[in-house]
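I have placed the structure first, in the form of structure tokens, so that the comments after it can refer back to it.
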Amino acid sequence: MKKNSSVVVDLLLLLLAITVLATPAFSDLVLSKVERRIDVTSQIARVTKTLKVVNSGSESVSEFTLTFPKFLGNNLAYLSVSHSEGKGKAKRSLANLSVKEAHPKGMPDSISFYSVSLPKPLSKGDTLTLEVVAAFTNVLQPFPEKITQRDIHLVMLQESAQYLSPYVVESQSLSIKLPNARIESYSKLENTKVQGSEIKYGPYKNLAQYSYAPIVVHFESKAAFAVAEKLVREIEVSHWGNVQVTEHYNLVHRGAQLKGEFSRLEYQDRPNPQGVSAFRHLLARLPPRAHSIYYRDDIGNISTSQMQSDSKKTELLIEPRFPLFGGWKTFFTIGYGLPLSDFLFASEGKRFLDISFGSPMIDLVTEKLIVQVVLPEGSKDISVTTPFAVKQSHEIKYSHLDIAGRPVVVLEKNNVVPDHNQKIQVYYKFSNINLLSEPLMLITGFFVLFITCIIYTRADFSISKSSAAYLAKLQWDEVLATLQEVQNIIQKCLAAHDKLEASLRDLSRTGDIQTCKAARKSTDSLLKDLSKELRPLLASLQSFPSASQISPKVEELVAKERELQEKLMAKHTTVVEGYEKKSSGRDIENRIASQQQKIIALRQEVDDLLEFIDEI
Amino acid sequence: MYPTLSVVTLAIGLVITAFFYICVLKISSCWMFIEAFGPTLYVYYEATSSRKNRSLGKELATAAVASVFLGFGSLFLLLASGVYV
């Protein structure tokens with residue numbers, strides 16, 4: 001009640017001030033027709049005005065002034081003026097005109113002025129049609145201010161039935177669109193009609209400058225008065241193909257405050273649930289092809305959410321952990337990823353990110369919006385283009401695989417309404433070579449690991465170079481090396497034996513004695529060479545004291561191998577002679593039978609010894 | 001695209017790392033436990049790696065190639081799991 005009376009007093013003072021101060025002539029424009037429509041179905045009062053401006057003076061005018069009473073002007077969140085041509089269905093809206101706040105001298109303080117620059121000066125006698133869209137927050141005052149859970153939510157709107165303007169108005173009308181619910185009361189002036197849920201005031205004819213007729217409408221609002229006290233939107237661009245958006249919300253219900261208790265029983269009672277003033281759901285419209293959407297808060301994931309996506313948009317319906325009544329607060333985080341090709345474009349050697357500015361939630365008013373655009377490391381020449389005024393600043397963010405940090409453009413704006421959810425562009429320069437710095441860092445990391453490994457295996461970590469243990473270790477290394485070579489030679493000898501056997505089999509298959517003899521001769525010479533190589537190795541092996549247990553075994557191996565050699569040679573000669581004398585196969589078999597058995601036994605022993613040496 | 005790339009590059013990188021370890025550990029004459037690897041590999045490398053200086057170049061080359069593949073493989077693995085670095 002107090003607020004109401006103080007505002008009315010303000011308005012009366014305003015009228016007085018206007019009549020007392022003889023207002024200097026603003027240009028001689030005349031508004032021939034003014035149509036105003038106020039939509040208060042949501043928590044924002046959206047006013048759409050169509051003004052027909054006629055220049056009845058003698059000079060051409062290039063500026064137009066819009067006025068609002070101060071209590072509305074302070075809550076003005078969004079104002080856009082465009083001029084249109086045509087009538088009715090053929091109406092076309094042309095470009096938006098630039099609007100600036102103005103403070104003309106000698107004007108009373110209780111009026112806010114906005115100056116619109118016309119596209120071309122309006123000459124004498126010409127008409128122009130202007131479309132003004134203005135959105136006001138906090139003008140729907142909850143009345144009563146504190147309600148219980150059972151009460152309905154009543155709000156009050158204060159406006160003027162006659163259009164406040166510095167120009168003479170010939171004809172005007174006002175229609176207020178209320179939500180489809182109870183209308184508690186409204187001011188009754190002349191020409192007032194109620195049609196369904198619309199209240200029409202007017203038409204009023206031939207009003208003077210600055211005419212003002214205050215009206216008050218008291219009605220029930222079913223809209224969710226969701227206001228985000230602070231919203232931080234972080235948009236991180238990664239050239240590997242993703243734009244990650246993370247939004248942190250601090251939400252509060254700015255309607256009538258809840259007094260008394262909250263009873264869950266009454267809230268969930270069917271068929272009469274009590275608690276119409278609360279809201280449970282929030283709907284967010286995300287761009288299409290949004291992926292990896294999460295909805296969480298400090299406690300953890302919030303599972304009460306639904307998502308529906310199609311080719312034009314992705315709709316996310318979220319439900320906070322509890323219904324929000326007047327004065328209640330909640331906080332949560334929403335994050336989602338977007339494909340880079342939808343949002344990053346190139347123009348004139350620069351790249352630019354084209355992304356929406358405000359919150360994706362419909363019908364959400366944000367008191368303080370902070371948008372942080374994080375660009376990849378190495379971006380230069382950063383500039384931002386916005387369709388409305390924002391406060392800009394720069395920061396640095398350190399993230400994965402960063403050397404110098406990523407540049408961040410911080411945009412701040414207060415009192416943001418869904419009309420502000422337009423696209424902004426962030427321009428920057430980035431060369432593709434900077435993209436390689438990330439894998440290069442990983443590659444160097446792995447390479448350092450490998451180098452450490454190499455150094456460790458090669459470095460000599462012994463403390464004393466003349467200690468007995470160190471010398472013994474050195475000797476043992478040499479022994480092993482010699483053993484290795486002995487093994488190699490023995491393997492080669494065995495390979496030669498196998499060749500000999502193979503030649504015998506060939507002989508039995510083809511009967512070619514000459515090749516067989518030739519094979520035997522070559523194998524013989526090879527074996528002689530190998531035994532020559534073996535001798536110095538054996539000598540060096542005997543000279544090592546630590547190899548005292550191994551050398552007898554090695555000598556045994558060599559001796560056995562030599563025996564094997566001789567036996568094989570003998571067998572080979574016998575078989576060849578047998579073929580030359582053309583004796584039968586069985587004869588040959590009988591002759592070499594005993595030799596064959598010994599050969600097999602010897603071969604077995606040689607293999608055993610080799611295995612034993614292997615295991616050292 | 002990123003998951004397939006990461007699997008392929010990581011696989012190649014790990015195989016080359018395996019070869020690197022065989023080279024390096026041969027030098028330090030701890031070739032005992034490589035025999036668990038399989039007799040075929042053992043016989044093959046027995047013949048190739050013997051002297052110290054000749055192998056340093058080969059080791060460095062193997063390390064370089066392995067670290068390139070492992071580096072790219074781990075980058076694609078990070079991208080495939082959603083950490084867009």
- Taking only pairs six or more apart or across chains, which ones have beta-carbon atoms under 7 Å, a first residue in segment B:49-70 that is among the aromatic types (Phe, Trp, Tyr), and a second residue that is part of a helix (DSSP H, G or I) and modelled with pLDDT of 85 or more? B:Phe69/B:Thr9; B:Phe69/B:Ile12; B:Phe69/B:Gly13; B:Phe69/B:Ile16
- Being in contact with a Pro (Cβ under 9 Å, 6 or more places away or on another chain), more than 26 Å from A:Phe262 (Cβ to Cβ), of a type in the set (Gly, Ala, Ser) and at pLDDT 90 or above, is that true of even one residue in segment A:146-164? no
- Query: In the set A:Glu261, A:Glu266, which member is over 30 Å from A:Lys423 (Cβ atoms) and either in contact with a Ser or Thr (Cβ under 6 Å, 6 or more places away or on another chain) or not in a loop (DSSP other than H, G, I, E, B) (or both)?
  - Reply: A:Glu266
- Of those in segment A:574-616 that are touching a residue at least 24 places away in the same chain (Cβ under 8 Å) and of a type in the set (S, T, N, Q), the residue nearest to A:Asp498 (Cα to Cα) is A:Gln596
- Just a yes or no: is a residue in segment A:300-310 surrounded by fewer than 14 Cβ atoms within 10 Å (Cβ to Cβ), under 30 Å from A:Tyr398 (Cα atoms) and more than 14 Å from chain B (Cβ to nearest Cβ)? yes
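In a helix (DSSP H, G or I), touching a residue at least 24 places away in the same chain (Cβ under 8 Å) and in contact with a Ser or Thr (Cβ under 8 Å, 6 or more places away or on another chain): which single residue out of A:Leu541, A:Leu568 fits that description?
Matching residue, one of A:Leu541, A:Leu568: A:Leu541.
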- Message: When you check A:Lys528 against the structure, is it surrounded by 16 or more Cβ atoms within 10 Å (Cβ to Cβ) and at pLDDT 80 or above, yes or no?
- Response: no
- The residue that is farthest from A:Glu234 (Cα to Cα), considering only those in segment A:388-409 that are within 14 Å of chain B (Cβ to nearest Cβ) and charged (D, E, K, R), is A:Asp402
- Taking A:Asp477, is it within 13 Å of chain B (Cβ to nearest Cβ), outside any helix (DSSP H, G or I), at pLDDT below 90 and more than 30 Å from A:Asn74 (Cα to Cα)? no
- Report, by residue number, each residue of segment A:278-299 that is surrounded by fewer than 13 Cβ atoms within 10 Å (Cβ to Cβ), over 13 Å from the mean Cα position of the chain (by Cα) and farther than 17 Å from A:Leu324 by Cβ. A:Asp298
- Mind checking whether some residue in segment A:250-272 is within 14 Å of chain B (Cβ to nearest Cβ), buried (at least 20 other Cβ atoms within 10 Å of the Cβ) and among the small types (Gly, Ala, Ser)? no
- Query: Scanning for something within 14 Å of another protein chain (Cβ to nearest Cβ), charged (D, E, K, R) and part of a loop (DSSP other than H, G, I, E, B), does segment A:457-464 turn up at least one residue?
  - Reply: yes
- Output the number of residues of segment B:57-71 satisfying the condition of being charged (D, E, K, R) and either closer than 12 Å to B:Thr9 by Cβ or at the interface with chain A (Cβ under 8 Å from one of its Cβ atoms) (or both). 1
- Message: Of everything in segment A:412-430, what is of a type in the set (A, V, I, L, M) and assigned to a loop (DSSP other than H, G, I, E, B)? Give them in sequence order.
- Response: A:Val417
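Of all residues in segment A:434-452, which are free of Cβ contacts under 8 Å to residues at least 40 places away in the same chain, hydrophobic (A, V, I, L, M, F, W, C) and more than 8 Å from chain B (Cβ to nearest Cβ)?
Those that are free of Cβ contacts under 8 Å to residues at least 40 places away in the same chain, hydrophobic (A, V, I, L, M, F, W, C) and more than 8 Å from chain B (Cβ to nearest Cβ): A:Leu436, A:Val448.
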- Query: Scanning for something modelled with pLDDT of 90 or more, out of contact with any His (no Cβ under 9 Å at 6 or more places or on another chain) and buried (at least 19 other Cβ atoms within 10 Å of the Cβ), does segment A:392-405 turn up at least one residue?
  - Reply: no
- May I ask you to say which residue of A:Ser383, A:Ser464 is surrounded by fewer than 17 Cβ atoms within 10 Å (Cβ to Cβ) and modelled with pLDDT under 90? A:Ser464
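Quickly run through segment A:360-384 and pick out the residues that are closer than 19 Å to A:Leu283 by Cβ and in contact with a His (Cβ under 9 Å, 6 or more places away or on another chain).
A:Thr366, A:Leu369
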- Task: Keeping to segment A:360-375, report how many residues are surrounded by fewer than 22 Cβ atoms within 10 Å (Cβ to Cβ) and assigned to a loop (DSSP other than H, G, I, E, B).
- Result: 2
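The values are calculated or read from the model by the stated rules, or taken from the named source; none is laboratory data. On a predicted model such as this, the values are computed, not experimentally measured, just so you know. Here the Cβ is made from the backbone with ideal geometry for all residues, glycine too, and neighbour counts use every protein chain on show.
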